[in-house]
Amino acid sequence: MRSPLVLVILCAIAVATLSAPLKVHVIPHSHCDPGWLKTYEGYYTEQVEKILTTVTSNLLNDQSLRFVWVEQVFFQRWWKSANKQTQKDFRTILERGQIEFLNGGWVMHDDAVTTYSAMIDQTTMGHQFISAVFGDQYLPRVGWTIDPFGLSSVSPMINKGFKQPHHVINRISYDVKQQFKKDRAMEFRWRYDPNHDDDEHETFTHVMHSHYGSISGFNFDYGDDPVTDSNIEKLSKEFVDKVTEFSKAYRTEHVSFPFGNDFQYVNASINFINMNKILKYVNEHYKDQVEAKYSKVTEYFDAVYPVDADMKPLTKTEFPTYKGDFFPYADSDASYWSGYFVSRPRLKGRVREGERISRTAETLYAIANVAHKTVAGGSNANYENLYSLRHSNGLCQHHDGITGTEKPFVEDDYMQWLEKGINEASITLGRSAASLVSRNNTSENILIKFANDASYLTQLKSGDRVPIYAYNNLAWSRQGLITLTINTDKVKVAGVSSYQVSPLGDGLFKLTIATQTLTPFGLHSFVLYVTDAASSTTEKKNLNNAVLSNGVMQVTYDQEGKVSALKNNKENVETKLKIEYLEYESYAGPGQASGAYIFRSKKKDASFVNLDGATKPEFTEGAVSQQVSHKVNNYITATTNVYKFEDRYGGMSHAVDLDLTVGVVPGNREVVVRLSTDITSDGKLFTDNNGLLTLERSRTDKPSSAEKNLFPTASNFYPIVYHAYIKDDSRRLTVVTNTSRGVASLMDGSIEVMLHRRTNQDDSRGVGHALDDQTTHTVKLRILLDRPTSRSSRAHVAHRQNYPVDALAFEKLISREQFERDYVDRYSPLTREFSPSAHVLDLHQQRDPKGRESTLIRTVNIDQDSEQEKIELSGLFVGAKEQSFVETSLNARKPVKEQSKLSYSSKPFEFKTFNVQY
């Protein structure tokens, strides 16, 4: 049995036999995916619009009815299209307490492959609408994550920050759920923070007994027989028997009975009419055993685990405590849902890019507003542009979106939403940047865009002079790496630390630039000159027994051109190292097959990928980096980089980059890269939850049955969003990734990372489509080697990798005279930089219900090893003074009771959110 990480029974007490009657809370709900088998648009027009309309009508006419709603992306669309009478009717049932919002996020986000910042942003967006339209009193009090495929510890953490002390979950592994039922531990206090073992850092969590759907026979609008005089006794007895069974897994007399399923209540009357008959019959004929009624989820929790206004428990019932997360999820010993950690990596990568572009656009626009700059287009148009990308990013966090578990045409639809949002936000990004670097405080007629989108960079001619701005989208000073595609190697670059030019083929070249140190949120210009002679080109060298070294990191190659060792000279620590490319053959049946959700290998061990098309490694060196490149085979190209410039906090100079291009893999293959060392990791692997928390994993040897094709492979894979590492007493090897994947340590001293997968069959979990993914994508892995006692820089390095420096250029070439007359070389908005542990998570403009804008600043201490981190926001911006500020809950809505000053100390993973007027 695969046990949960920690389950602690706080008091060794026997649970008393519950006194009859059981108090049954029937929870009407509809689980509505914003994309899966249909697109978001398809689901809304064909089903969701009818669900919300018919539910509203039914509840209006019968005050005994209840309902709960989750997905704000659907609700807000419905609300804005509803007529005034329908809106009035909904307000009536909301004010009467018949309906409530749960979660309140744009979608029910995935827990495995989403970043913590995206989880917070998409939830904040939903909460702000609820607050603006209905009032803070209707903000959700319960987290509801009933369909994500495994649960992260970050979910209850951010729910607590959103003032949601209760949490409902469902998909935890079958063996864990069986044990919880046996121990009557299906409700527990989830202590989510590995740094804090106290009730301040917990949420009360309820696990659904079987699934979130109605029991068999009660799906009345799914085609189950209606309730009649001839079957009401049978159905009522089944209801009583089932809730009695449920009660044996919990510790109070209250029982939650879910009444709904995917897209149910298209005709709400059918469900309510039939259930009304059941409840009436049960309450009359089984009143000594049960008392049943419709309830909201908050009504259930108010009965089971009431809390006060400060979210302190008021109950005397003892509940167990759980520590850890719930990955990987399995619904049988052959069905570990660890395949989706990397399914459809093209979408996962574009979602991460969307988050980065959103951050760049949001921070530039906020800084322009704080500085009272005039941003072209007007505030309404720019706000809508930014909102467009918030909408698209939020939509894609859906647990059948970013996971890659949707139909192919639905993936295409998500990609289209992302492109729309990125294109529109980029307009405001360019306008905002232009306003900041303009000497005359305007961005009118000035268009700035991402430099690689400027077509003239591949049409350069001798004498051209191209000014470009490097934008640091983080609150830390740093050097950054910029790569531009140009059509000539005859260039010089001024205003940078170093640069190099290397051929790409077809008359194109890659210009790699190491920037000078950039100030926090600063814009720094550099200039590209086209000359008559090539300069700073890369040089080919002999690889045999070569050493790549920048003075800090050292990579040794053997006579065959393979990596053999890695050393950190600064910390005097080294390890043997092999980098191997392997593939697992997907299990195709009989029985459970590998597919979009489930990873199941045909054999226990991976084999080396086919080496057809492999090339000999080529060693080149330039002013920026030393690198070794080669084709691993026909579909994998690998480049190892060691950067020669010194970068603060070990961002790049203290790491080795492994850049991969992974093309179309063969059918029924799951491709990984394995790093093998001589680190004695003792069966342990450390992985992140959503890029924030770090959890220890212990290798399991289950399931194991060669006769049944059961191997402990998929069961040892975990999601990696930002980083993972192994260690022993003297060494620690960390891998940082640019997008979410799966990671495992199947042998001591090894880390293997999923790269791509393609299966020829469906895995029978609903999508009904083989994962025939024939896309090409890039993988960026940053490898760190240090001592376990070193002050942790993993989180800092990971955030820097995931938010690289941006290169921004004018849409059209401008003359030197115009640039010097109209634009500044540098714009530095902050009066100080933040420490490596203090991260400005959000800096953006928001609007209150009356349309007034303020600046949202959200910070977090990302260093798990720190105690307190001093953060100072007062006087943060050059030339700007705070007129007023209020500290709020994580969703930027509810003011906290104990107001902080703009100077405060932050504990690890402590969020602080402020609305500031400048």
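The values are calculated or read from the model by the stated rules, or taken from the named source; none is laboratory data. Everything numeric here is computed off the predicted structure, so don't read it as measured data. Heads up, the Cβs are rebuilt from the backbone with ideal geometry, glycines too, and the neighbour counts pull from every protein chain shown. Side chains included, ligands, DNA and RNA excluded: accessible areas come from the protein's heavy atoms. Shrake-Rupley method; radii C 1.70, N 1.55, O 1.52, S 1.80 Å.
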Original post:
Carbon and sulfur atoms: what percent of the 1.4 Å accessible area of the chain do they account for?
Top reply: 47 percent
**OP:** In debye, nearest 20, what is the charge dipole magnitude of the stretch 590-659 about its Cα centre with +1 on Lys and Arg Cβ and -1 on Asp and Glu Cβ, if you could check?
**Re:** 500 debye
Original post:
To the nearest 10 Å², what's Trp79's accessible area with a 1.4 Å probe?
Top reply: 20 Å²
Original post:
Once the other residues with Cβ under 10 Å from the Cβ of Tyr456 are scored (Lys, Arg +1; Asp, Glu -1), what is the net sum?
Top reply: 0
Original post:
Want the number for Gln137 to Ser216: 0.36 nm per residue separation, take away the alpha-carbon distance, what's left?
Top reply: 24.8 nm
Subject >> For the stretch 479-545: rounded, prolate or oblate by the Cα gyration tensor [a/c cutoff 1.5] >> reply: oblate
Original post:
In what order, largest first, do Thr739, Thr556 sit by accessible area if the probe radius is 1.4 Å?
Top reply: Thr556, Thr739
Subject >> Sparsely packed GluC sites (Glu not before Pro) within the stretch 467-573, loop by DSSP, other Cβ within 10 Å at most 11 >> reply: Glu560
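Considering only DSSP beta bridges with both partners in the stretch 143-265, what is the antiparallel share in %, to the nearest 5?
Here the share of antiparallel DSSP bridges comes out near 40 percent.
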**OP:** For the stretch 409-448, run through the trypsin sites (Lys or Arg not before Pro) and keep only the ones in DSSP coil with at most 10 other Cβ atoms within 10 Å of their Cβ.
**Re:** Arg439
Original post:
Okay, helix-only estimate at 222 nm for the chain: each DSSP H run of n ≥ 4 adds -39500 (n - 2.57), divide by all residues, round to 500 deg cm²/dmol; what do you get?
Top reply: -7000 deg cm²/dmol
**OP:** Give the ranking of Asp688, Asp197 by solvent-accessible surface, highest area first, calculated with a 1.4 Å probe.
**Re:** Asp197, Asp688
**OP:** Could you tell me the accessible area of Asp729 in Å² (1.4 Å probe, neighbours in place), rounded to the nearest ten?
**Re:** 150 Å²
Original post:
In whole Hz, what ³J(HN,Hα) sequence does the stretch 417-427 give by Karplus (6.51, -1.76, 1.60; θ = phi - 60°), x for Gly and Pro?
Top reply: 4, 4, 4, 4, x, 4, 4, 6, 5, 5, 5
**OP:** Can you bin the stretch 767-918 into rounded, prolate or oblate? Criterion: square roots of the alpha carbon gyration tensor eigenvalues sorted a ≥ b ≥ c, rounded for a/c under 1.5, prolate for a/b above b/c, oblate for the rest.
**Re:** rounded
Original post:
So between Glu284 and Ser462, what do we pick up on full extension, going 0.36 nm a residue minus the alpha carbon distance?
Top reply: 54.9 nm
**OP:** Provide the percentage of antiparallel DSSP beta bridges, counting only those with both residues in the stretch 495-618; round to the nearest 5.
**Re:** 95 percent
**OP:** Go through the stretch 861-866 residue by residue and turn each phi into a ³J(HN,Hα) via Karplus (6.51, -1.76, 1.60, θ = phi - 60°); whole Hz please, and just put x for glycine and proline.
**Re:** 7, 8, 9, 5, 8, 8
Original post:
Counting Lys and Arg as +1 and Asp and Glu as -1, each charge on the Cβ, what is the dipole of the chain about the Cα centre in debye, to the nearest 20?
Top reply: 1140 debye
**OP:** Would you list which lysines come within 26 Å of Lys490, measuring only between C-alpha atoms, while excluding same-chain residues fewer than 8 positions from it?
**Re:** Lys449, Lys461, Lys510, Lys540, Lys541, Lys644, Lys812
**OP:** Give the accessible area for Glu291 in Å² (nearest 10); use a 1.4 Å probe, count only protein heavy atoms, and leave out ligands, DNA and RNA.
**Re:** 90 Å²
Subject >> Mean Cα-pair separation over length for the stretch 562-697, i.e. relative contact order, pairs under 8 Å, 6 or more apart, % >> reply: 23 percent
**OP:** Have a look at the DSSP beta bridges in the chain and tell me what percent are antiparallel, nearest 5.
**Re:** 85 percent
Subject >> In order through the stretch 481-489: 3J(HN,Hα) via Karplus (6.51 cos²θ - 1.76 cosθ + 1.60), integer Hz, x for Gly, Pro >> reply: 10, 10, 10, 10, 9, 10, 9, 8, 9
Subject >> the chain, accessible area per residue, ligands and nucleic acids excluded (1.4 Å, Å²) >> reply: 36 Å²
Subject >> Gyration tensor (alpha-carbon) shape descriptor, the stretch 725-808, a/c threshold 1.5 >> reply: oblate
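Around Asp842, under 13 Å between beta carbons, what's the net of Lys plus Arg minus Asp minus Glu among the other residues?
Cβ neighbours under 13 Å give a net charge of +1.
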Original post:
What net charge do the residues around Asp728 carry, taking every other residue with its C-beta under 12 Å from that of Asp728, with Lys and Arg at +1 and Asp and Glu at -1?
Top reply: +1
**OP:** Within the stretch 793-856, report the trypsin sites (Lys or Arg not before Pro) that DSSP leaves as loop and that have at most 16 other Cβ atoms within 10 Å.
**Re:** Lys812, Arg832, Lys850, Arg852
**OP:** Pairs of Cα atoms under 8 Å, at least six residues apart: use those to get the relative contact order of the chain, whole percent.
**Re:** 13 percent
